[in-house]
Every structure is written in structure tokens, then in C-alpha cells.
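A.B. asks: Okay, here's the structure, questions in a sec.
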């Protein structure tokens, strides 16, 4: 069964982008990180609109040419839905989008998934923070993987968004949060700390 892995590069104090630009000028480049191998670990990609628009600006776009059903973008923006909804990505919103992610996770065959292709690898949750918080509250995130940058910023987008940080699998009642189990930690020469945690849901 595919895992939903929240893989990100936050600052030491837990921000994934600066405000108001939503940029990441503080990212430390590290030639030892093999991004090609990283992308190869996943067969599907889930993200919010701002994350997708950031990827569109990259040359080359790492998601270009992938099956439409394998790139799921959450957006409430009507302009974005009109522009991209019938194109190279699957545009979803709210609980209907949560169900799309659930189907990606709960099936490993085309006939069972209903998304039109076989999920042979894991699913990459690429951000942003509000979406990560929503999917954590629904009990769908299995792993949190961070490349912690040796940087502190004073304002930015939080790893799990604003407001409540906890909750149960069926709603947003809880405020406690989640316990994580450390699986791996590695310090790179550039000062980046690579970690992998499993998520525990009570």
C-alpha cells in the first residue's frame, strides 16, 4: 500500500516559505542530494496551488509529462480551476480532494483505485502547510521527511498551517497534535539535517 510522505525543506523554526513573497531564498544547495532519485520514489504528487505554481517556474519542470491523474492540486481559486482543471493536472478541493488522496493511498491497483493508473510507489505530499495540516487531521499522512535548513526566519508559512494543529481522523476537534517516531536522522556537510518520522494516530 502506498505511503503518503510529507517531504519538505523547512527552516529550523518550522517555516516552509517566507512571507509575503512565499519564496524560499534561504534554501541551502547541497550537491549530495539526488533529486532525480527522490522523484523516482513516487508515482503520485499532491500539493496546493501555490506549490504547483512554484514548480511551474522551474526549468525543467520535474512533473512535466506525468499522467494527469498522478498530479493532484488542491485549489479553491476559480481562475486556477478554469485554467488547469482540464489540463495536465487533477484539480480538487475540500473533502472531495481528501477522498482522492485517500484512494491514492488505499489501493495499489488500477482496478481498485479509480484514478486511472497503478500506484506502484509512494505518494509525495509537497505542501503547502494548510494542506498538510488538513491531511494530518484526516489521518492520511504516514511519514514526515524534512531537510531542515540551517536558517531561522521571523515570519513565514508554517509546516502545518495556522490554527489548530491536531484533530482526529474524522474531524477537527482535537488540538493536541501528533506524536512522531524518529526513523532516520543524518547531518549533511552543508549543515542540513535530514530526518524521517513516522506519524502516530491514537
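The values are calculated or read from the model by the stated rules, or taken from the named source; none is laboratory data. Keep in mind it's a predicted model, so treat the numbers as computed, not measured. With ideal geometry, Cβ positions are generated from the backbone for all residues, glycine too; neighbour counts draw on all protein chains shown.
A.B. asks: Any idea how many residues of region 147-195 are under 22 Å from residue 104 (Cα atoms) and modelled with pLDDT of 85 or more?
C.D. replies: Residues meeting the conditions: 1.
A.B. asks: Among residues belonging to region 13-26 that are surrounded by fewer than 16 Cβ atoms within 10 Å (Cβ to Cβ) and closer than 18 Å to residue 132 by Cβ, point out the one that is modelled with the highest pLDDT. Quick ask: steps written out before the conclusion?
C.D. replies: Keep residues of region 13-26 that are surrounded by fewer than 16 Cβ atoms within 10 Å (Cβ to Cβ), which gives 13, 19-23, 25.
Then keep just the ones that are closer than 18 Å to residue 132 by Cβ; that gives 13, 19, 22.
Numbers: 13: 97, 19: 89, 22: 86.
Among those that are surrounded by fewer than 16 Cβ atoms within 10 Å (Cβ to Cβ) and closer than 18 Å to residue 132 by Cβ, it is 13.
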